[in-house]
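Below is one structure, written out as C-alpha cells; the observations come after it.
Throughout, read-outs are computed from the coordinates displayed, never taken from laboratory work. The structure displayed is predicted, hence computed values, not measured ones. Cβ: placed from backbone, ideal geometry, glycine included. Neighbour counts: every protein chain shown.
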Amino acid sequence: MTSKDVTLLGFSQGTILSYAVALSYPEKIKRVVALSGYINERILKKGYANNNFDSLKIYASHGQVDQVIPMEWAQKAPKILDKLGVSNIFEEFPVGHGVAPRIFTRLKSG
C-alpha cells in the first residue's frame with residue numbers, strides 16, 4: 001500500500017468525516033466505505049467542488065429504518081456525488097442504525 005492507496009471506512013459520524021476528508025482532499029483518498037451516514041456540505045473544504053474526483057470511489061449503505069440518521073439525508077449523497085462525477089454505489093438495507101450483515105459479503109465481492 002502506498003500513501004495514495006488509502007481507504008476510509010466510517011460508520012455514522014465516521015461516515016460524515018470520511019465523506020468530508022475524501023471530498024475535500026480526493027488526491028489523498030482512493031476509496032470510501034460510508035455506512036449509515038450522510039454528506040455534511042457545511043464541513044467540506046471551501047471550493048471542494050472544483051477538485052478532481054477521477055480516482056475516488058465511494059460505496060455507501062444506509063438502513064431503511066435508521067432511527068438516528070434519516071434515510072432522506074443519506075439518499076442525498078448519490079445525487080451530490082453524481083453531480084461531482086464521483087464513482088459511487090448506494091444501497092439501502094432493511095435495518096436500523098447499524099450495519100446489515102449482507103454489507104460484509106458485498107464488500108468482499110468488490
Quick test of your reading of the structure: His97 fulfils all but one of (1) touching an Asp or Glu at 6+ places or on another chain (Cβ under 6 Å); (2) free of Cβ contacts under 8 Å to residues at least 60 places away in the same chain; (3) of a type outside the set (S, T, N, Q). Name the failing condition by number. (2)
Say whether the condition of being assigned to a helix (DSSP H, G or I), out of contact with any Phe, Trp or Tyr (no Cβ under 9 Å at 6 or more places or on another chain) and over 21 Å from Phe104 (Cα atoms) is met by at least one residue in region 55-71. no
Just name the residue that is nearest to Leu8 (Cα to Cα) out of those in region 51-77 that are crowded, with 18+ Cβ neighbours inside 10 Å and of a type in the set (S, T, N, Q). Ser61
Selection from region 11-25 of residues hydroxyl-bearing (Ser, Thr, Tyr), under 21 Å from Ala49 (Cα atoms) and in contact with a strand residue (DSSP E or B) (Cβ under 9 Å, 6 or more places away or on another chain) yields Thr15, Ser18, Tyr19
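Could you please let me know if Val33 is in a helix (DSSP H, G or I), β-branched (Val, Ile, Thr) and buried (at least 18 other Cβ atoms within 10 Å of the Cβ)?
When the stated conditions are applied, Val33 does not pass them.
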Among (1) polar (S, T, N, Q); (2) touching a Pro at 6+ places or on another chain (Cβ under 7 Å); (3) part of a helix (DSSP H, G or I), the one test that Asn88 misses: (3)
